[in-house]
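The values are calculated or read from the model by the stated rules, or taken from the named source; none is laboratory data. Bear in mind the structure is a predicted one, so any value in this text is a computation, not a measurement. Please note: Cβ atoms are built from the backbone with ideal geometry, for glycine as well, and neighbour counts cover all protein chains shown. Accessible surface is based on the protein model in full, side chains and every heavy atom, while ligands, DNA and RNA are left aside. Shrake-Rupley method; radii C 1.70, N 1.55, O 1.52, S 1.80 Å.
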Amino acid sequence: MSADKTAESIFARRESRVRSYCRSFDAVFTQARGSVLTDSDGRDYIDFLAGCSSLNYGHNDPDMKAALVEHIASDGLTHGLDMYTAPKAAFLESFERLILKPRDMDHKVMMTGPTGTNAVEAAMKLARKVTGRETIVAFTNGFHGMTMGALAATGNAGKRAGGGMALHGVVRMPYEGAIEGVDSLAYLEAMLDNPSSGIDAPAAFLIEPVQGEGGLNAASPEFLRGLQRLARKHGALLILDDIQAGIGRAGSFFSFEGMGVEPDLVPLAKSLSGMGLPFAALLLKPELDIWKPAEHNGTFRGNQHAFVTARVALEKFWADDGFEREIGQKAALLTGRLEAMARVLPGARLKGRGMMQGIDVGSGERAAAICAECFRRGLIIETSGAGDEVVKVLAPLTTPVETLERGLDILASAIAQCAPQQTLAAE
Ligand SMILES: *Cc1c(COP(=O)(O)O)cnc(C)c1O
């Protein structure tokens with residue numbers, strides 16, 4: 001069915017033109033379970049978008065759902081400002097025990113507004129407040145959110161144009177490998193070392209260890225360690241935006257684990273709630289916790305329902321290393337299948353790591369054609385990259401292998417169908 005394109009549909013009539021994903025996936029969805037979405041015609045779609053990595057544990061995990069239903073049925077709080085509540089205590093206790101302590105992280109947890117951009121905004125404000133400096137170094141192709149501060153750090157020209165005013169306080173540097181033959185780290189170091197480079201001493205470096213929207217570029221451990229060294233040398237903070245790459249997506253709970261980096265600030269959102277509920281937080285080193293009470297505020301800080309489901313997610317998936325091993329096995333399967341698909345397309349190459357991998361298919365047009373063909377065949381999948389040239393697989397981490405294979409079969413058929421000879425013939 002054509003939900004959106006029908007002139008009389010309520011969406012076309014009343015919903016703002018700013019709507020976006022629905023334009024690629026023109027169906028009215030009614031139900032979702034695990035890795036499968038169902039539309040109003042009863043048709044099933046395998047979900048390789050997973051709410052842009054907000055649904056790492058799939059749709060409606062039965063244990064999270066049961067805990068939430070029980071919480072609501074027993075008149076547990078829905079809204080509590082940032083008051084002390086039982087669900088917040090339980091979440092923080094699990095987060096400390098299962099995530100922070102085993103990783104030797106002494107970070108405090110700041111509840112921010114409920115979306116990722118709120119956590120990034122808080123990180124940028126705090127870095128500026130702590131250092132007394134304005135400039136934040138962000139990187140090419142970075143994506144950090146849509147509010148004015150985070151938008152200033154976002155590279156995408158189309159997104160930046162939406163703001164309607166100058167975006168201040170951010171200097172851009174090349175991400176690792178952004179410019180062929182240029183050592184981005186050496187370049188950054190030279191710029192910072194030169195007092196006449198025109199770059200003010202920065203408050204922070206803000207970077208995604210794997211760029212979710214910007215084309216699945218993955219920074220090496222050496223690059224991230226180098227950034228940390230430069231940050232310390234120049235009195236700047238290191239902010240690792242783990243909103244998309246974190247919570248297991250890149251293979252471990254934090255995408256930077258085992259790399260020898262200790263970020264000062266870590267914005268988290270997307271899959272933090274476990275169930276797709278709006279919930280964001282900022283991890284901060286204790287010595288940076290210099291906010292005055294309510295100096296950064298917000299009505300919706302700490303979503304009570306999300307505390308409930310997030311705690312279940314932590315206890316269910318992160319109490320031992322079983323889930324991480326499972327992600328590793330699926331990621332290896334994904335790499336093997338994507339390598340085979342890339343061979344069909346001249347010049348295609350693999351991007352990303354863990355369960356955030358994809359194929360650079362050479363052009364945004366081809367990537368769009370592949371995703372559209374996937375949708376016709378019952379698979380929801382999106383693009384990434386400066387020119388939307390990367391077909392990006394973001395399957396829930398809990399996707400059963402059989403479903404993962406079925407989705408990848410669809411992707412392989414779509415890629416074969418959109419391979420150059422057909423594309424040329426069609427033109
Ligand atoms: C999605 C995303 C954000 C913004 O999160 P919202 O919830 O959309 O505000 C910030 N940084 C990264 C890396 C993201 O992927």
Just one of (1) modelled with pLDDT of 95 or more; (2) within 15 Å of the ligand (Cβ to nearest atom); (3) more than 21 Å from Gly198 (Cβ to Cβ) trips up Ala152, so point out which. (3)
Among the residues of region 101-132, the number that are out of contact with any Gly (no Cβ under 8 Å at 6 or more places or on another chain) and of a type in the set (Lys, Arg) is 4
Would you mind stating whether Ala319 is assigned to a loop (DSSP other than H, G, I, E, B) and either of a type outside the set (S, T, N, Q) or crowded, with 21+ Cβ neighbours inside 10 Å (or both)? yes
Yes or no: Tyr57 among the aromatic types (Phe, Trp, Tyr) and touching a Phe, Trp or Tyr at 6+ places or on another chain (Cβ under 9 Å)? yes
Tell me the strands (runs of 3 or more DSSP E) entirely within region 330-427 that contain at least 1 residues that are small (Gly, Ala, Ser) and open to solvent by less than 10 Å² (accessible area, probe 1.4 Å). 356-360, 382-384
Cβ pairs under 6 Å, 6+ apart or interchain, first in region 15-41 and open to solvent by 40 Å² or more (accessible area, probe 1.4 Å), second at pLDDT below 95, ordered by first then second residue, are Cys22/Asp4; Val28/Ala3; Asp41/Met1
Given the structure, is Arg301 over 19 Å from Phe48 (Cα atoms) and either among the aliphatic types (A, V, I, L, M) or in a helix (DSSP H, G or I) (or both)? no
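So, restricting to helices (runs of 4 or more DSSP H) that lie completely within region 49-143, which ones have at least 2 residues that are open to solvent by 30 Å² or more (accessible area, probe 1.4 Å)?
Details: elements: 50-53, 62-73, 86-94, 116-131.
Here the list reads 62-73, 86-94, 116-131.
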Could you please let me know if Thr135 is touching a strand residue (DSSP E or B) at 6+ places or on another chain (Cβ under 6 Å) and within 16 Å of the ligand (Cβ to nearest atom)? no
Filter region 195-215 for residues that are in contact (Cβ under 8 Å) with a residue 12 or more places away in the chain and more than 30 Å from Val390 (Cα to Cα); which is surrounded by the most Cβ atoms within 10 Å (Cβ to Cβ)? Pro202
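Look through Leu100, Leu77, Leu49 and report the one residue that is within 16 Å of the ligand (Cβ to nearest atom) and on the phi < 0 side of the Ramachandran plot.
Working: Leu100 fails: within 16 Å of the ligand (Cβ to nearest atom); Leu77 fails: within 16 Å of the ligand (Cβ to nearest atom).
Going through Leu100, Leu77, Leu49 in turn, the sole match is Leu49.
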